[in-house]
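Chemist: Following this message is one structure expressed as structure tokens.
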Amino acid sequence: MSGSALRIADGTGYASPWSVSQKSSRSHRAEHRVDAIGEKQAQSGIAHWFSRAASAVSTAVGTPWAFLIAAAFILVWAVTGPIFNFSSEWQLIVNTGTTIATFLMVFLIQNTQNRDARAIHLKLDELLRAVPGARKEFMEAEEEDLDEIEREKAIVDQDDPNPPESKRKNASPTNGKAHATPGNGKTRR
């Protein structure tokens, strides 16, 4: 095997860096070419433009200044109510404006949150791969339903050698530690 081969994510073997594909149950994505660790592919296209725009807008509207501008807009609208006799058109202006802004912001903020969540999962997965004693079964926990995640969290909490003080009080009386079962309760495939 060549020195430039990459370790496959599940630890089962090696593959050429130009033939590694990103397979995910999340979506059917096109195959990604992995040239070398640390190198970034040039990004272009509408998806890249939208991600950059969504990130910039999310950053901008999350500032105190954006809140103050929105509050000032509502204040001006409210003050002009008596001038327009609180007419239907006057009400329609703020209703339409806020509806359009909310509708567009949902997509922009969701894009930013999805990208941030995927980046965090990528970083955590890399840490799980790097730590020798880490349970790699948790690498795709985000794909499980909430009940399964809660069950796994209870198992992890039970196995914690140094639980927080609040959880130590609830531990079983066997030497002050909770009785732990090995593993995370999942069966390996």
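Only the coordinates and a few stated rules stand behind these numbers; no lab work does. Please read all numbers here as calculations on a predicted model, not as lab measurements. In this analysis, Cβ positions are derived from the backbone assuming ideal geometry, glycine residues included, and neighbour counts consider all displayed protein chains.
Chemist: If I take R0 = 25 Å and measure r between the Cβ atoms of Glu140 and Gln110 in this structure, what FRET efficiency does the formula 1/(1 + (r/R0)^6) give, to the nearest 0.05?
Modeler: Efficiency computed from Cβ-Cβ geometry: 0.70.
Chemist: How many nm separate the modelled label positions at Gln43 and Asp160, each set 7 Å beyond the Cα in the direction of the Cβ?
Modeler: It is 3.5 nm.
Chemist: Measuring from label point to label point, each 7 Å out along Cα→Cβ, what is the Leu128 to Ser87 span in nm?
Modeler: Here the modelled spin labels are 6.1 nm apart.
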